[in-house]
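Visitor: Here it is, the structure in full.
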Amino acid sequence: MFSFETDPLLVNDREDLIAVLRMRFGEIPGELIEKIYDIDEMNTLQRLILAAANAVNWKVFMEEFQSGDDSFRLLGEEFNPLADILKGRGGSNAV
């Protein structure tokens, strides 16, 4: 059954997730877009939007995407979008 309160919000969150992924990582595979449109949980979509905005790289985002609904914490340098920039400037990831 169509819910006028939640379904438009789900559509918006799906589109927001896709937009953030494109801004951060460029073109994304069509299969991933299909999987995003299969997500019906608002909390999952919102968590993935945060992960997409903060993941250090594509691999980290995909690990979070594949972790399923059980994942709920985005912690550590894997979710610091500035980690690569700070790496060469004496930041916390300096080698």
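The values are calculated or read from the model by the stated rules, or taken from the named source; none is laboratory data. Model, not experiment: these values are computed from the prediction. Don't worry about glycine lacking a Cβ; one is built from the backbone with ideal geometry, like all the others, and counts go over all protein chains shown.
Visitor: Kindly list, by first and then second residue, each pair from a residue in the range 1-18 that is more than 11 Å from Ile39 (Cβ to Cβ) to a residue that is at pLDDT 50 or above, limited to pairs with Cβ atoms under 6 Å and residues at least 6 apart or on different chains.
Guide: Close Cβ pairs (under 6 Å, with a partner that is at pLDDT 50 or above) amount to Asp16/Ile49.
Visitor: Out of everything in the range 1-49 that is among the hydroxyl-bearing types (Ser, Thr, Tyr) and surrounded by fewer than 17 Cβ atoms within 10 Å (Cβ to Cβ), what residue ends up being modelled with the lowest pLDDT?
Guide: Ser3
Visitor: Restricting to the range 28-67, give me the number of residues that are within 15 Å of Val11 (Cβ to Cβ), in contact (Cβ under 8 Å) with a residue 24 or more places away in the chain and of a type in the set (A, V, I, L, M, F, W, C).
Guide: Residues that pass the stated criteria total 5.
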